[in-house]
Amino acid sequence: MQRILRGLWLPICLASAACGTETDEQLNETEQEVIVGSLAARFDDTVRGGGVVAQGASLAGREDAVANTTAAITIAGIPGGSTVQRALLYWSINGGIDTTATINAVNVNGVQLGTGGSTCWGTNFVTFRADVTAQVTGNGVYTIGGLPSSTSATAADTNGAALVVVYQNPTSGNRRRVMVRDGSMSTDATGDNVTDTFTGVAAPLASAGRFHLVVGDGQSFPDGNLIFNGVTLGTDQFSGSDGSLFDTSSYNVNVPAALVNATWSEQTSSDCLGFSTAVLDWNVATCGDAVRTGGEACDQGDTTNGDGCSSTCDVEAGWSCTATNPSVCTPNCGDGIRAGAEQCDQGNTTNGDGCSSTCMIEPGYQCTGSPSVCTTVCGDGIIAGAEQCDQGNTTNGDGCSSTCQAEPGWNCAGSPSVCTSVCGDGIVVGAE
């Protein structure tokens, strides 16, 4: 079995197939340096306490002469307490089209992302994506099937499949941005310089990030440098780390503050490659640093609940917070929610009903609950609400009853009330 490379034919000898014999015409054949296709922005999410796990597995048969009907992908590294926000299944096929696959024996329908050129096998490199969020629930083994695998270099052969899983933890105060670019981009010659850019990064702060690539058709032939944002991540990175002809690779990268765009590149050497997916994830907000970034509603410089800005930098119920750095949060008097230093909140800002316009308990009242229910305090010497009198006690027979109503035959005035009998009203009371 032979694979065409720029300037020559390299025979790949297999136990089941003898190498062909190069002719002068074949040795003198030179392919042009051509990059076919491109990647495009697909998803851009900001998740709480999140990140990305990307893993893949080979399905190819044309290099090692072993056809594979299934491949197992192990997802590990999703932290406890996290949930899957998005899960994407990618696969690439040389020499064929198949938009359906199975994951753990469940049929999934995908979309064709694009068609690249030849990756030196004489057939086109075609890529696909399916949303498998409903099937990927967390860490575990996911078996991919239903895709073509062939030992023939001219038949449809799936390079491999990869899962890109975005996870989140709503209880976290950190926010992480995830940018996904995908499509189909292939090289067919030595010296091809593959380059792609994450546009609109606009990093609000310096952060450690992760960069992920899904690549098909990688072999043991030398590759050039893989570079991210001017930093070399390594050489010879795509040699089938997931098995024959497939690589899903993840790298630690730095995302500096104020970075506008992030560009990566790969200089091919002797290998022809197909790129389907590039993912970048990095922190855009750290709750408690007193700087509102990455969708934070507030940040007071702490992660204390109950002060208006929660431990996840969300505005708490009953509060308003400014857009300044740091945020200044104040209770909303009149919204029916007791917050902060509010003694009461009836859902209004009316004075004289027990809870004042500044949400403080007025003299002669007691208030409970949220929204607050305020009632007068009979016997405290303060006339409030529907009280007709209040002598500072709840004794009947002294002119002001135990419910603070004026008793028959009495006249009460003042606060605390002074009650005197009314002589001549036909009612004998008090000392009469």
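Here are some notes:
- Number of residues in region 340-382 that are touching an Asp or Glu at 6+ places or on another chain (Cβ under 7 Å) and within 18 Å of Gly306 (Cα to Cα) equals 4.
- Residue match in region 72-80 (condition: hydroxyl-bearing (Ser, Thr, Tyr), in a loop (DSSP other than H, G, I, E, B) and either without any contact (Cβ under 8 Å) to a residue 40 or more places away in the chain or farther than 13 Å from Gly274 by Cβ (or both)): no
- Hits in region 96-122 (condition: touching a Lys or Arg at 6+ places or on another chain (Cβ under 7 Å), modelled with pLDDT of 95 or more and not in a strand (DSSP E or B)): Gly110
- Condition check for Ser415: free of Cβ contacts under 8 Å to residues at least 24 places away in the same chain, among the hydroxyl-bearing types (Ser, Thr, Tyr), over 30 Å from Ile337 (Cβ atoms) and buried (at least 17 other Cβ atoms within 10 Å of the Cβ): no
- As for region 347-369, it holds no residue that is buried (at least 16 other Cβ atoms within 10 Å of the Cβ), polar (S, T, N, Q) and in contact (Cβ under 8 Å) with a residue 24 or more places away in the chain.
Yes/no matrix, rows are residues, columns are (1) of a type in the set (Phe, Trp, Tyr); (2) at pLDDT 95 or above:
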position	(1), (2)
Thr199	no, yes
Ala208	no, yes
Ser220	no, no
Phe228	yes, yes
Val231	no, yes
Thr248	no, yes
Tyr251	yes, yes
Gln267	no, no
Asp271	no, no
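- You will find that of Thr293, Thr324, the residue that is within 21 Å of Pro170 (Cα to Cα), surrounded by fewer than 20 Cβ atoms within 10 Å (Cβ to Cβ) and either modelled with pLDDT under 95 or of a type outside the set (D, E, K, R) (or both) is Thr293 and no other.
- Flag for Val141 being surrounded by fewer than 21 Cβ atoms within 10 Å (Cβ to Cβ), more than 25 Å from Thr268 (Cα to Cα) and touching a residue at least 60 places away in the same chain (Cβ under 8 Å): yes
- Restricting region 123-174 to residues that are among the small types (Gly, Ala, Ser) and in a strand (DSSP E or B), the residue that is farthest from the chain's Cα centre (by Cα): Gly145
Quick grid of which residues meet (1) part of a loop (DSSP other than H, G, I, E, B); (2) touching a Cys at 6+ places or on another chain (Cβ under 9 Å):
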position	(1), (2)
Ala290	yes, no
Thr293	yes, no
Glu296	yes, yes
Gln300	yes, yes
Thr303	yes, yes
Ser311	yes, yes
Ser320	no, yes
Thr324	yes, no
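The values are calculated or read from the model by the stated rules, or taken from the named source; none is laboratory data. The shown structure was predicted, so the numbers you read here are calculated from the model rather than taken from an experiment. Reconstructed Cβ throughout: ideal geometry from the backbone, glycine too, with neighbour counts over all protein chains shown.
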